[in-house]
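Q: I have a structure here, written as structure tokens, and I will follow up with some questions on it.
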Amino acid sequence: MTEPPDSEPPRNWEADVVAADGGTVHLRPIRPDDADALVAFHAGLSQRTRYLRYFSAYPRIPERDLYRFTHVDHRDRVAFVAVLGGAIIAVGRYERHPGTDEAEVAFVVADKHQGRGIGSVLLEHLAAAAREVGLRRFIAIVLAENAGMIRVFRDAGYEITRHIEYGEVTLQFDVDETAVTEAVMREREQRAEALSIGRLLRPGSVAVVGASNDDGKLGNAVFGNLLRMGFEGPLYPINPDARHVSGVRAYPSVLDVPDEIDLVVIAVPAGSVPDVVGQCGGRGVRGLVVISGGFGERGADEERAAGRAAQQELVASARAHGMRVVGPNCLGIVNTEPGVRLNASLAPLPPLPGRVGFFAQSGALGVTILGEAARRGLGVSTFVSAGNRADVSGNDLLQFWETDENTDVVLMYLESFGNPRKFARLTRRLGRRKPIIAVKSAVGAALVPGLAQTSVAVPEVSAQALFEASGVIRVETVSGMFDVALLLSTQPLPAGDRVAVVGNSTAIGMLAANACAAEGLRLTRLDDIGVDAGAEAFEISLRNAVDQSDVDAVTVVFVPPLHRGAGDEVASAVRTVAANSTKPVLSTFLGFEGVPAALSAGGGRAPARGSVPSYPSPERAVRALARAVRYSIWRSTAPGTVPELGDVDMLAAREIVRAALAETPQGRRLSPDEAGRLLGSLGMALSAERPANTVEVDLSVFDDRSFGALVSFGVAGVATDLLGDTVYATAPLTVQDADELIRAPRASPLLTGYGGGQPCDLGALADLALRLSSLGDALPEVAACGLTVLAAPIGAHVIGVCAEVAPATARADSGPRRLRGL
């Protein structure tokens, strides 16, 4: 027999995936050298499992079948294996019916690994492979008694037809992705990835490799922090040269620990890490926190390259054994939950327990930030410093926090994006339930050596569009992040932008009023009760402000008088009123920052909800309130819908782009004829009219290689070019997004009758934006398509078009579930 004359499978068919229980498995196309592993896999199946898969006992694989099973052409016959610890644990395959666009699909999972959702993952990847090679439909023949397999197909979200005959069920369904199949896939992804992070943050036992009695060693610091925090489970120091560490029995290696280990913290030199990872994999450890550095974050170019290669091998080895990795070169992880009390980090003082989840890429900055949080009185639920972010990233933590009952507010310090499209999708969903506050460093990812391997550079304009579309509260500084976090973690969201100021200082009250004007908030009341006012006067005035229907939030300004004691009395009065208010109350108690004891509602060491945050200046208080107002408005606005544009022929557009790239594979600018036909496929046409009373405007869509399609809009002209008055939005646009895009430029009054001019047809401009959005979202091969448009009182006239095509970008958040590639 000869092997089929076919090429290697596409590289994107290989992936690490998270199973339903949070563990990882490796998926790849089957290879001829898998024969022995496949025989071993088959031999390990129970008689019942073999019968359900093959409809017979099928005790062994005949040589002829074994050859056919392991030799596929990656087109008409495709097979994937799921591998864990070097062994095959599942196989899925399809075989095309000759001369058709249909294929029969089947898979089998080892008994020990059934119920982990691996069959569903195999189905997703088989369907994606089928779509790539032009298959439309899958057919599965299943024994009627095989309820589990039938459920895998049924629950995937496909529209299935069933036919039952002689105890066999024939299922048929199209493999095209639909809104339903994507929703099912994303829901499963969230559950699995949340569980994988939960396994790290809620371990039953922890081992520290490198634990030491030497105060100068990292392992000493980590193990000491675990002891001081009072971790609820058993701790195992690993040190071949010590019998005890800090009074706890030590073991030479993780292989010598007699009990199960859930989490291992690694604090040994980089060269020793691979052996430790291999030992952990053999012991069935669930997760790793790699404090060790030396993986490409510093040194000369050659040294960094070697470190990055070692980092890839570290993560590949860990995932191959079902483990997730935090780090390397990280500060560690913290969970203040009473039943866990985990401080597996280098932070000398653990954060106050609270309900704020915090993710930071920078380890060194993480220590400072945790200390500042404690100083401000901000309580933290969980904290993760990802370091080089080789595996676990901010996106994983977003998945975890979405369903974590202990977290109400999310903080993120980001230096770069690993998968910005996924970040946008996750924040857009999570932000509807929990506020997300982010500090995004302006430093490009390429300038951060430790993150270069796992990051993509996102231009500032794209990052801003990303944050605005997903409701993320972006702040410029760490101090600003805490200002907003204190407000959102202690007070209710404001219903609107109407603000009352109550205070005993005219000058500082005016500062607050001016700050409201600068931040776009409406000041509806300014109550100056006088410098001699006591607690009773403050309470009366504050209650009156809170009760007014034209007030959405109240800021209190207090300058303490010379005599002592009055401050505490006023604070108590403010706290009492705020505790019963459905509107946020915040304060400027000069001399206090955070939540002083007099303004705290108690609830443990960290201030509970109902506490009143205090800011050192009215400007900072109002700035925090303004961000909360903008977030509240975004959250209360119903998500828009992406419209179905009936006269858009995307198949025709795809053919124009395909033909151009077939002629010039590296890409090129489309000819005027091609660009005109592309417009026609979008339901648009070049206009020869030049009507009077028009404004010249520019609309375009372009592909950001790291992020995806962005739509831009601006009013044409020298002044606009000089001031950079162009706005951006992420595709696909909803109807609401398109309307807001057209109204967003500072020059937009020119379109609405400024200076006595006739208002333009904004609806027609929004319609053009929606059509460009649909093009950019569907065809990443369209590198750019720009329109010059005359906005008229009736309609919008396209008078120029310029389009370029290029090879498609790799959009990392499409297709079946997978972890970020190595």
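The values are calculated or read from the model by the stated rules, or taken from the named source; none is laboratory data. A quick note: this is a predicted structure, and the numbers were derived from the prediction, not measured. Neighbour counts are summed over all protein chains in view; Cβ atoms, including those assigned to glycine, are modelled from backbone coordinates with ideal geometry. All accessible areas refer to the heavy atoms of the entire protein, side chains included, with ligands and DNA or RNA removed. Shrake-Rupley method; radii C 1.70, N 1.55, O 1.52, S 1.80 Å.
Q: Quick check for me: using +1 on Lys/Arg Cβ and -1 on Asp/Glu Cβ, what's the dipole size of the stretch 67-175 about its Cα centre, in debye to the nearest 20?
A: Details: 13 positive and 15 negative charges, 55 e Å.
The calculated dipole for the stretch 67-175 is roughly 260 debye.
Q: Using only protein heavy atoms and a 1.4 Å probe, report how much of Ile540 is accessible, in Å² to the nearest 10.
A: Roughly 110 Å² of Ile540 is accessible to a 1.4 Å probe.
Q: Compute the convex hull volume of the Cα atoms of the stretch 192-285, divide it by the residue count, and report the result per residue in Å³ as a whole number.
A: 104 Å³
Q: Also: Please give the solvent-accessible surface of Asp33 in Å², to the nearest 10, using a probe radius of 1.4 Å with every protein chain present.
A: Approximately 110 Å² for this residue.
Q: If DNA, RNA and ligands are ignored and the probe is 1.4 Å, what is the ranking of Ile164, Ile437 by accessible area, most exposed first?
A: Ile164, Ile437
Q: Cα centroid distance between the stretch 236-270 and the stretch 22-91, in Å?
A: About 38 Å separates the Cα centre of the stretch 236-270 from the one of the stretch 22-91.
Q: May I have the extent of the alpha carbons of the stretch 553-695 along their three principal axes, as whole Å values ordered from largest to smallest?
A: Computed over the stretch 553-695, the largest-to-smallest principal extents equal 83, 44, 30 Å.
Q: Also, I was wondering about something else. What ³J(HN,Hα) values, in whole Hz, does the Karplus curve 6.51 cos²θ - 1.76 cosθ + 1.60 give for the stretch 575-584 when θ = phi - 60°, with x put for Gly and Pro?
A: Values, residue by residue: 4, 5, 5, 5, 4, 10, 9, 8, 10, x Hz.
Q: Give me Rg/Rg_expected for the stretch 228-282, where Rg uses Cα atoms only and Rg_expected = 2.2 N^0.38 Å with N residues. Walk me through the numbers before you get to the answer.
A: Details: Rg = 11.5 Å, N = 55, 2.2 N^0.38 = 10.1 Å.
Normalised by 2.2 N^0.38 Å, the Cα Rg of the stretch 228-282 equals 1.14.
Q: Fully extended, how many nm does the chain gain between Asn514 and Glu405 (0.36 nm per residue separation, minus their Cα-Cα distance)?
A: My answer for the length gained is 35.3 nm.
Q: Expressed as a whole percentage, what fraction of the accessible surface of the chain belongs to carbon and sulfur atoms when a 1.4 Å probe is rolled over the protein heavy atoms? Could the numbers behind the result be given before it?
A: Values: 17850 of 34230 Å².
The nonpolar share, carbon plus sulfur, comes to 52 percent.
Q: Amide H of Val289: which non-local residues (sequence gap of 5 or more, or other chain) have their own amide H closer than 5 Å, using H built in the peptide plane?
A: Here the answer is Val264, Val265, Ile266, Val326, since their amide H atoms fall under 5 Å of that of Val289.
Q: So what is the relative contact order for the stretch 231-377, in percent, with contacts set as C-alpha pairs under 8 Å and at least six apart?
A: Result for the stretch 231-377 is 18 percent.
Q: Pop the C-beta distance of Asp215 and Ala300 into the FRET formula with R0 = 35 Å and round what comes out to the nearest 0.05. Can you show the working numbers first?
A: Numbers: r = 31 Å, r/R0 = 0.90.
Efficiency, from the Cβ-Cβ distance: 0.65.
Q: Let me ask you something else. In bins 5 Å wide, starting from 0, what share of all Cα pairs of the stretch 670-822 does each bin hold, as a percent?
A: Histogramming the stretch 670-822 at 5 Å steps yields 2, 9, 18, 21, 20, 14, 8, 4, 2, 1, 1, 0 percent.
Q: Could you please report the charge total around Pro596, scoring K, R as +1 and D, E as -1 over all other residues with beta-carbon less than 12 angstrom from its beta-carbon?
A: Net charge around Pro596: +1.
Q: When you have a sec, figure out the Kirkwood radius of the stretch 456-608 from all distinct Cα pair distances and drop it here in Å to one decimal? Each step should come with its number before you reach the end.
A: Values: mean 1/r = 0.0598 Å⁻¹.
Over the stretch 456-608, the inverse of the mean reciprocal pair distance is 16.7 Å.
Q: Taking amide H positions as placed in the peptide plane 1.01 Å from N, state which residues far from Ser617 in sequence (5 or more) or on other chains have amide H under 5 Å from it.
A: Under 5 Å from the amide H of Ser617 lies no amide H from a residue far enough along the sequence or on another chain.
Q: Still on this structure: Taking every pair of distinct Cα atoms and averaging 1/r, then inverting, what Kirkwood hydrodynamic radius in Å comes out for the stretch 1-101?
A: On the way: mean 1/r = 0.0675 Å⁻¹.
Computed over the stretch 1-101, the radius equals 14.8 Å.
Q: Decide, for the stretch 498-570, between rounded, prolate and oblate: order the square roots of the alpha carbon gyration tensor eigenvalues as a ≥ b ≥ c, take rounded if a/c falls under 1.5, and otherwise choose prolate if a/b is larger than b/c, else oblate. Don't skip to the answer; put the middle values down first.
A: Details: a/c = 2.76, a/b = 1.53, b/c = 1.80.
It comes out oblate by the Cα gyration axes.
Q: Packing-wise, with mean Cβ within 10 Å as the measure, how do 684-690, 527-533, 779-785 rank, highest first?
A: Per-residue mean Cβ counts within 10 Å order the peptides as 779-785, 527-533, 684-690.
Q: For the stretch 133-200, what's the relative contact order in percent, using C-alpha pairs closer than 8 Å and at least 6 residues apart?
A: It comes to 34 percent, rounded to a whole number.
Q: Which semi-axes, in whole Å and largest first, does the equivalent ellipsoid of the stretch 106-215 have when worked out from the alpha carbon gyration tensor as the square roots of 5 times its eigenvalues?
A: Details: eigenvalues 289, 60, 29 Å².
For the stretch 106-215, the ellipsoid semi-axes come out as 38, 17, 12 Å.
Q: Per-residue counts of other Cβ atoms within 10 Å, averaged by peptide: what ranking do you get for 494-500, 145-151, highest first?
A: The peptides rank, most packed first, as 494-500, 145-151.
Q: Based on the Cα atoms of the chain, what semi-axes does the equivalent ellipsoid have, where each is the square root of 5 times one gyration tensor eigenvalue, given in whole Å with the largest first?
A: Here the semi-axes work out to 48, 41, 23 Å.
Q: Next up: Between the alpha-carbon centers of the stretch 112-147 and the stretch 548-587, tell me the distance in whole angstrom.
A: 61 Å
Q: Which whole-number percent gives the relative contact order of the chain, counting Cα pairs below 8 Å spaced six or more residues apart?
A: 8 percent
Q: Here's a follow-up. More than 27 angstrom separation, counting every C-alpha pair in the stretch 315-451; what % is that? Please list the in-between numbers first.
A: Details: 1429 of 9316 pairs.
Tail of P(r) above 27 Å: 15 percent of Cα pairs.
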